[in-house]
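The structure under discussion appears below in the form of structure tokens.
The values are calculated or read from the model by the stated rules, or taken from the named source; none is laboratory data. The shown structure was predicted, so the numbers you read here are calculated from the model rather than taken from an experiment. Note: ideal-geometry Cβ built from the backbone for every residue, glycine included; neighbour counts use all protein chains shown. Surface accessibility is based on the protein's heavy atoms, side chains included, excluding ligands, DNA and RNA. Shrake-Rupley method; radii C 1.70, N 1.55, O 1.52, S 1.80 Å.
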Amino acid sequence: MTGDSRATSESPRQKSIATPETICAGCIAMVEKDGGYRRAEILSKKTTKSGTQFYCNFDQFNKRLDEWVPLVRVDFTKEVEWPNPDKDKPKEGKGKKGSAPSKKSVALKKGQKRPSKASKNSKREQSISVSEATTPHPWTELPVELPQLKIEESNERGAIDSNAVATPATAGDEMDLDDEYDSQLAKKKRADGNGLGGGYTREQEIEKLRTSGSMTQNPAEISRIRNISKVQFGKFDLFPWYFSPYPEAYTQEDLIFICEFCLNYFCDNKPFTRHRQKCTLLHPPGNELYRDDHVSFFEIDGRRQRTWCRNLCLLSKMFLDHKTLYYDVDPFLFYVMTCKDDQGFHVVGYFSKEKESADGYNVACILTLPQYQRKGYGRLLIQFSYELSRIEKKLGSPEKPLSDLGLLSYRQYWSENILDLIIACNEREEKITIESISEQLAMTPQDVEHTLQALKMQVYHRGEHKLVIPDKLIQQRAKAKLKKKRVLDPARIQWKPPVFSAASRTWAW
């Protein structure tokens, strides 16, 4: 784990013994975690029903492991590092310069027209493209050996750099999820002007990804302190990772209760128990599209089920740092994956999708709840989103930027499916192009090309573009296939693309 810079002081701090009354935000103290005392910075302080609590960021720990700790976990027998008062003082010269702009600078010049709606939209599209360009692609560098299988690629592919040649990567037996960016891809981005520019270097961006817990570069979102300590969700106790805008009264509780079927939230056990006796909902309030022996998928319209979808967004925001949608759920469809038992259909994860996406995204937000992570459910969510794109006869791609865990899941899904398709075509001695891969897998050509570059499979040899599959990569894929993984049966999907009205972009019944 890589440490967060917030718990590391840049300049020397004053040290002395603190008391529960004098310790404040900005202090660095020794706090108990995992059976031992660790250095941690106190970011906030609050008083709950159980007493005073401190929000601590632990040195050498990921941001999502920050937590509210009670008073007894702070070691007051050791000296505390006090915040540096000079660091927070604004400089007089800079303070005056940062004042509000004058009327002359704000007012439009004579004869100058206000920007039209079209120009505003074009600026918005430019800002979106820039934000997508700044999304890091920390692809894994895989070992490349002598080419074993060669499949010719169409020379009509203009987006491929004719000078791109695969270079050997460092040796290793398995993929390292925290490996550095692909150097060629990073150089290409910087050359095109779409890279990080003067903002972050590649090493700084990798460090920020590891320590911030997501790839959002919005300081306001990163600095927001987690406000919910613990959640009882069905038979599971969940410990949130990030801030979620629940009502203020709920932030004063040590434990809140969420009904796992209707997703209503309660701050006391008594009303929650009374609600559970009366709640009749046993599955998400939508149409069931898919069912097999393991999972089911439900489609919920955000306009028809506003309260349920808003509660789902509040729940998911506790585990997604970059999510900004809480209440405006009308333009979205929610596809919820559940597992069934005698009590009903329990929510495992979900992804949302815009009813009409101008950029062709097939996923707006995707999440597997923490108690079901690392069990293959994220792959099923991704597969289901692409199966819907196949039925729509469209090419799909997730909305950028992805969270760190979402990016890892998509990288693995893209790599496995593209490799399997290329190997199968090679065994049948069929030629394959990036366009044909894109059509067969319902992926965008950009996602396919990025994956090929990351796997070091795209080369330019003797005037032709070729795809090269290293021997090591084939062995790794064969070894991975020995592990049984859950997959969805596309024949079981009962769904037709919805039709929307032009006025409201909602269901046209």
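Listed values, structure above:
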read-out: Full-extension gain in nm, Asp471 to Gln383, via 0.36 nm per residue minus C-alpha separation; value: 29.0 nm
read-out: Summed side-chain charge close to Ser50 - residues other than Ser50 whose Cβ falls under 13 Å, Lys, Arg +1, Asp, Glu -1; value: +2
read-out: Summed side-chain charge close to Asp489 - residues other than Asp489 whose Cβ falls under 14 Å, Lys, Arg +1, Asp, Glu -1; value: +2
read-out: Simple label model, 7 Å out from Cα along Cβ direction - Asn287 to Lys45, nm; value: 5.6
read-out: Å² of accessible area per residue within the stretch 324-465, as computed with a 1.4 Å probe and no ligands counted; value: 39
read-out: For the stretch 312-323, 3J(HN,Hα) per residue [Karplus equation, 6.51 cos²θ - 1.76 cosθ + 1.60, θ = phi - 60°, Hz, x = Gly/Pro]; value: 5, 5, 5, 5, 6, 5, 5, 10, 10, 6, 8, 6
read-out: Farthest toward positive dipole pole in the stretch 286-391 [+1 Lys/Arg, -1 Asp/Glu at C-beta], among Ser389, Gln371, His346; value: Gln371
read-out: His294 paired with Ala25, simple spin-label distance in nm, labels 7 Å along Cα-to-beta-carbon; value: 4.5
read-out: From phi via Karplus (6.51, -1.76, 1.60), per-residue ³J(HN,Hα) for the stretch 430-440 in Hz, x at Gly/Pro; value: 9, 7, 9, 10, 4, 5, 5, 4, 4, 5, 6
read-out: Low-density loop positions, chymotrypsin sites (Phe, Trp or Tyr not before Pro), the stretch 9-74 - DSSP coil, at most 11 other Cβ in 10 Å; value: none
read-out: Counted charge near Pro285, where neighbours are those whose Cβ lies closer than 14 Å (Asp, Glu -1; Lys, Arg +1); value: 0
read-out: Per-peptide average of other Cβ atoms within 10 Å, ordering 328-334, 281-287 highest first; value: 328-334, 281-287
read-out: Within the stretch 315-408, GluC sites (Glu not before Pro) in DSSP loop having at most 14 other beta-carbon neighbours inside 10 Å; value: Glu356
read-out: Per-residue SASA entry for Lys78, accessible area with 1.4 Å probe, Å² rounded to 10; value: 100
read-out: Neighbour cut-off at most 15 other Cβ (10 Å), DSSP loop, trypsin sites (Lys or Arg not before Pro), the stretch 300-350; value: Arg304
read-out: Separation of alpha-carbon centers, the stretch 14-63 and the stretch 346-372, rounded to whole Å; value: 36
read-out: Whole-Hz couplings from phi, Karplus 6.51/-1.76/1.60, listed for the stretch 397-409; x for Gly and Pro; value: 7, x, 5, 9, x, 7, 6, 5, 5, x, 5, 4, 5
read-out: Portion, in percent, of the accessible area of the stretch 406-509 that falls on carbon or sulfur, probe 1.4 Å; value: 51
read-out: Simple spin-label estimate for Leu65 and Ala358 in nanometres, 7 Å along Cα-Cβ; value: 4.2
read-out: Calculated FRET value between Tyr37 and Gln371, using beta carbons and R₀ = 35 Å, to 0.05; value: 0.75
